[in-house]
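Shown next, in structure tokens, is the structure this report addresses.
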Amino acid sequence: MNNQSSHVDVVVVGAGFAGLTAARDLRKAGVSVVVLEADDRVGGRSMPGTLAGYVVDLGGQWAASSQTHLLGLAEELGVKTYPQYVGGEHIMDITGREARYKEGEDLPLEPADLAEFNKLMGELDSLVGKVDVTAPGSVEGADVLDAQTFESWLQGATTSEPARAVFRLIVQTVYCVQPGQLSPFAVMFYGAADEGIAHMIGTVGGAQETLFVGGAWQLASKMAEGLGDAVIVNAPVRSIAQTDDGVTVTSDAGVWTAAFAVVAAAPPMAARISYTPPMPPRRDAFTQRMPMGSIIKIHVAYQTPFWRAKGLSGAILSDRTATGLWMDHTIPGVETGGMVGFFGGGYAQTWAERSPEERRAQVLEDLATYLGPEANNPIEYVERSWPAAPWQRGAYWAMPTPGALTAFGPALRDPVGRIHWAGTETADENIGYYDGAIQSGERVAGDIVKHLRL
Ligand SMILES: Cc1cc2nc3c(=O)[nH]c(=O)nc-3n(C[C@H](O)[C@H](O)[C@H](O)COP(=O)(O)OP(=O)(O)OC[C@H]3O[C@@H](n4cnc5c(N)ncnc54)[C@H](O)[C@@H]3O)c2cc1C
């Protein structure tokens with residue numbers, strides 16, 4: 001504890017994309033800020049790693065071309081992009097049937113199963129363009145859909161086991177929970193906030209279209225650099241007290257007083273801070289019902305992208321292996337090949353408890369299943385178990401349990417007195433993504449500037 005103590009206009013809690021954006025925008029408006037970050041680095045769910053001498057993202061890495069907040073930030077900060085590799089054939093191995101297909105083609109399911117899959121996708125994406133993210137419960141029929149689990153809904157919605165299996169995988173690797181741990185309404189609601197589930201799982205024209213040269217984490221690093229000594233790491237905020245006149249924020253690095261606080265930590269992490277007076281019941285009840293998702297991200301490097309020579313794209317979707325999703329992550333202009341994959345949902349919940357050596361052995365076995373024995377000889381392996389990360393405790397995002405969205409929805413974003421909430425979970429669009437985090441930071445900064453000028 002270095003016991004700093006000072007007064008600023010706004011204290012921002014959390015130096016992820018949301019908190020850093022809020023701080024930058026406040027600064028630009030002439031408002032004094034400090035950003036208190038619990039971890040020993042900035043970035044939050046964005047984090048760099050090195051693999052075969054190159055920087056990789058252990059957190060988020062892709063952007064959709066429609067994510068204008070994120071791509072605009074990259075342009076402003078001089079970070080270039082490149083497209084995801086999609087040459088060759090993708091592999092899908094579902095319910096014991098392995099098949100190949102190319103980018104832009106239908107999933108290689110039997111015709112009757114494909115028809116069922118498309119029908120369910122149509123139902124689940126039926127809210128796209130129709131939801132008000134500030135009032136989830138206002139959607140007609142939302143209470144009934146939010147009172148079930150996605151798994152029970154799937155059982156009733158189709159008898160096609162392959163169609164069910166693909167949706168289970170989507171929930172595990174995109175929503176980062178098990179199909180019994182969220183409601184069909186949450187699947188639809190977040191799909192609608194994110195341009196549709198079909199967009200979320202897509203590469204060309206979808207959410208995995210674009211990557212950042214040198215990694216996405218640079219954006220957080222550059223934002224923090226610009227804020228200079230206003231960003232303080234190793235400063236976990238333990239309590240926030242507020243009166244009619246201001247807030248007092250107590251962290252391990254000292255105590256700050258301010259006119260406003262922005263809490264830009266994910267909802268379950270924000271709930272670990274002690275508030276005086278206590279949070280209103282609805283806000284507290286919601287954050288009690290919004291655990292972080294579970295994901296373990298893995299990067300593996302090989303001498304060459306040997307799968308490309310076999311006509312494979314590196315994209316693998318499988319319910320046979322513990323790692324359900326893989327993509328090629330070979331850096332353009334580099335000789336070594338890279339694969340990026342995930343243990344998602346229940347697999348991440350189980351495998352987070354195992355040793356890195358056990359995970360590595362499983363990962364290589366899974367890759368060899370589809371890419372051949374060469375996969376057993378990587379030149380490097382790097383992973384990040386997000387459920388074990390002390391100040392993030394999971395990723396990609398926090399996911400409400402059944403019934404929570406309709407009962408408590410607006411409480412996630414409504415300010416509580418002088419405390420405003422940012423973070424990707426509070427975004428208007430692209431919730432769960434960097435783009436949403438940036439947008440939430442901009443929104444909160446704009447709201448506070450208005451208050452300060454009243
Ligand atoms: C493996 C993985 C893959 C992903 N893939 C993608 C992708 O491809 N594309 C994409 O757009 N998004 C992706 N995401 C999601 C993306 O990373 C997040 O949406 C985004 O980083 C969230 O930013 P944030 O600022 O809202 O929250 P965070 O990044 O979580 O920032 C919150 C900060 O608050 C800090 N904090 C917590 N408690 C306290 C406290 N008490 N005091 C002080 N500080 C505190 C945390 O340490 C953290 O730094 C992925 C995430 C992961 C982990």
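Considering only beta bridges that DSSP places wholly inside the chain, some 65 percent are antiparallel.
With a threshold of 26 Å on the Cα-Cα distance, the over-threshold entries among Lys102/Lys130; Lys102/Lys222; Lys130/Lys450; Lys28/Lys222; Lys80/Lys450 are Lys102/Lys130; Lys102/Lys222; Lys130/Lys450; Lys80/Lys450.
Summing Lys, Arg as +1 and Asp, Glu as -1, what charge do residues with Cβ under 14 Å from the Cβ of Arg289 carry, Arg289 excluded? The partial results should precede the final answer.
Working: positive: Arg282, Arg283; negative: Asp146, Asp284, Glu425.
Counting the neighbours of Arg289, the net charge comes to -1.
For the chain, adding -39500 (n - 2.57) for each run of n ≥ 4 DSSP H residues and dividing by the number of residues yields -9000 deg cm²/dmol at 222 nm. Segment 196-219 and segment 391-415 have Cα centres separated by 23 Å.
Fully extending the segment from Lys28 to Thr350, taken as 0.36 nm per residue of separation minus the present Cα-Cα distance, adds 111.4 nm.
Surface calculation, 1.4 Å probe, protein heavy atoms: His420 sits at approximately 10 Å² accessible. For segment 209-294, the relative contact order comes to 21 percent (Cα pairs under 8 Å, sequence separation of at least 6). Classify segment 137-191 as rounded, prolate or oblate from the Cα gyration tensor: take a ≥ b ≥ c as the square roots of its eigenvalues, call it rounded if a/c is under 1.5, otherwise prolate when a/b beats b/c and oblate if not. Judged from the Cα gyration tensor, segment 137-191 comes out oblate (a/c at least 1.5, b/c at or above a/b).
Each residue of segment 254-262 was assigned a 3J(HN,Hα) from its phi angle through the Karplus curve 6.51 cos²θ - 1.76 cosθ + 1.60 (θ = phi - 60°); the sequence is x, 10, 10, 10, 7, 6, 9, 10, 10 Hz, with glycine and proline shown as x. Relative to one another, the C-alpha centroids of segment 345-381 and segment 265-308 are positioned 23 Å apart.
Note on Val79: accessible area approximately 10 square angstrom, rounded to 10, probe 1.4 Å, nucleic acids and ligands left out.
Cα-based radius of gyration for segment 166-206, normalised by 2.2 N^0.38 Å, reads 1.09. Built from the Cα atoms of the chain, the convex hull projects on average onto 20.6 nm², one quarter of its surface area. Peptides 137-149, 332-344, 16-28 ranked from most to least packed give 16-28, 332-344, 137-149, packing being the mean of other C-beta atoms within 10 angstrom over each peptide's residues. For the chain, the relative contact order comes to 26 percent (Cα pairs under 8 Å, sequence separation of at least 6).
Where in segment 67-101 does the label zone of Asn118 land, with the point 7 angstrom along Cα→C-beta and an amide N cut-off under 15 Å? No residues fall inside that zone. Averaging sequence separations of C-alpha pairs under 8 Å and six or more residues apart, then dividing by the length of segment 244-395, give the relative contact order as a whole percent. It comes to 25 percent, rounded to a whole number.
The values are calculated or read from the model by the stated rules, or taken from the named source; none is laboratory data. Owing to the predicted nature of the structure, the values given are computational and were not obtained by experimental measurement. When we count neighbours, we look across all protein chains shown, and the Cβ atoms used for this are built from the backbone with ideal geometry, even at glycine. All accessible areas refer to the heavy atoms of the entire protein, side chains included, with ligands and DNA or RNA removed. Shrake-Rupley method; radii C 1.70, N 1.55, O 1.52, S 1.80 Å.
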